[in-house]
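The values are calculated or read from the model by the stated rules, or taken from the named source; none is laboratory data. Only a predicted model underlies this, so the values are computations on that prediction, with no experimental measurement involved. When we count neighbours, we look across all protein chains shown, and the Cβ atoms used for this are built from the backbone with ideal geometry, even at glycine. Ligands, DNA and RNA are excluded from the accessible area calculation, which covers all protein heavy atoms including side chains. Shrake-Rupley method; radii C 1.70, N 1.55, O 1.52, S 1.80 Å.
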Amino acid sequence: NEAKRLLFEIQRVAAFGDLNFNEEINKISVHVLQGGEVDNSWESYPDQRAILVGTQDQLLSRALNRGYGMSKYKVSVHMALLNVDALWICDEVQLMDVGVKTSAQLQAFRVMERDKIAGVTHTIWTSATFHPSLIDTIDFRKTHPNLNIFSLSDEEKKEERLGKILDAAKTIVPSVCKLTKESSKKGAQSYIQCLVDQIQNQHESGKLTLVILNRVQRAQDVFKEIKVRQIANEVLLVHSRFRSVERMKHRELLDDIENRDCILIATQAIEAGVDLSAQHLITELASWSSLVQRFGRCNRRGHSNNASVTIVDIEDDKELALPYTVDELTHSKKQLFALRDVGPSRLPEIVKTNVGGLVLRYRDLKD
């Protein structure tokens, strides 16, 4: 929808300008490739420009000659179209796991085969928590010794509207709850009750309170308890297990949510692609990149002077830490130790990130 809106705006601006340019814009089509909604009509018009918006399972598998959920007779066609004369934009790379390494290796292979390929293909990786180590793979390092890294300049950071966002106050408020082996027993009821008590104490009438939990079951349990207590006029639940039709309804409900008396319970599904600004954020401890994304959903516009962030600690235990590792949570604790505020300008620099998993090699692709 955003891609279509952008094309419409370009058309509107160009309407009284270069008519040839406007005609070219009209030829650009937008196609969605994600679970349950795969539009392959673009394959019939390889001579025309198109924007494909999709998930990494759909797009990376096609680039690897293994198109997910498609006819084996067409996989090589999609591989060719996506690796030749294309621009890849990998958004929110901190969520791609091993896929980000695969995307880097693919870009390296395209450079290695540049003399055999008709059109040049480029890749852009974007994230608020990007570090070059994410794409530092063996072949990418050889083919791209120098990276073009784009970020805000010092002059841009001084701009009034942007400066207000960067200096937004997000005061850390201590949590009275902690997820431990003991509190997680018997359906985690003691932990759930403690969390709901804290939410009830911190929620401000007429404002949005955002609660982010690491597991769907805990999010569902907290949602049910808050509904029973009737703490706010609205209580919403967002997680990745909803069907696409339900997710569309959620998007409509999230419009203008920050100006309503609402408590939004969510999982990691809220970390990317959702533009909302909560007065208060209560979140379980997570990996540092995930926490930074979550902080960005609190006082996002910089309009409030008393916005707060509460981080609920998690005991060092492999099972309790899931879907993260104990090492990731320990690193986050170290980053938070000296902080009293998590506004963008007060956060430490993103450090080197180790992404696990196998690395695609050129011989694998040839095979």
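Descriptive notes on the structure:
- Rounded to the nearest 500, the 222 nm mean residue ellipticity of the chain from helices alone is -11000 deg cm²/dmol, with -39,500 (n - 2.57) taken per DSSP H run of at least 4 residues.
- Surface per residue (accessible, 1.4 Å probe) for the chain, Å²: 57
- Apolar share of the accessible surface for the chain: 52 percent from carbon plus sulfur atoms, 1.4 Å probe.
- Simple rule: put +1 on each Lys or Arg Cβ and -1 on each Asp or Glu Cβ in region 113-204, find the dipole, and look at Ile192, Thr123, His144; the Cα lying farthest toward the positive end is Ile192.
- Dipole moment magnitude, nearest 20 debye, the chain about Cα centre, only Lys, Arg, Asp, Glu C-beta charged: 680
- Centroid-to-centroid, using Cα positions, region 40-56 and region 266-291 are 32 Å apart.
- Interchain or long-range residues, amide H under 5 Å from Asp341's placed H: Ile172
- Amide H to amide H, with H built 1.01 Å from N, Ile282 comes under 5 Å of Leu210, Val211, Ile212, Thr310, counting only residues 5 or more places away or on other chains.
- Amide H contacts of Gly54 (H built 1.01 Å from N, under 5 Å, at least 5 apart or other chain): Leu33
- Cysteine residues of the chain whose C-beta has no other cysteine C-beta under 4.7 angstrom: Cys90, Cys262, Cys298.
- For region 296-367, a simple Cβ point-charge model (Lys and Arg +1, Asp and Glu -1, everything else neutral) yields a dipole of about 520 debye relative to the Cα centre.
- Computed accessible area, Cys194, all protein chains, 1.4 angstrom probe, square angstrom: 40
- For the residues Tyr45, Tyr73, a 1.4 Å probe over the protein chains yields an accessible-area ranking, largest first, of Tyr73, Tyr45.
- Projecting the Cα atoms of Gly273, Leu336, His303 onto the charge dipole of the chain (Cβ charges, centred on the Cα centre) puts Leu336 farthest toward the positive pole.
- Largest to smallest principal axis extent of the C-alpha atoms in the chain, angstrom: 63, 51, 45
- Working note: Cα atoms of region 242-345, range along each principal axis, descending, whole Å: 38, 36, 20.
- Residue pairs, from the table Lys164/Lys207; Lys142/Lys366; Lys27/Lys101; Lys74/Lys249, whose Cα atoms sit over 27 Å apart: Lys27/Lys101; Lys74/Lys249
- Listed by chain and number, the aspartates and glutamates whose alpha-carbon sits under 18 Å from that of Lys227, ignoring those within fewer than 8 places in the same chain, are Asp197, Glu204, Asp261.
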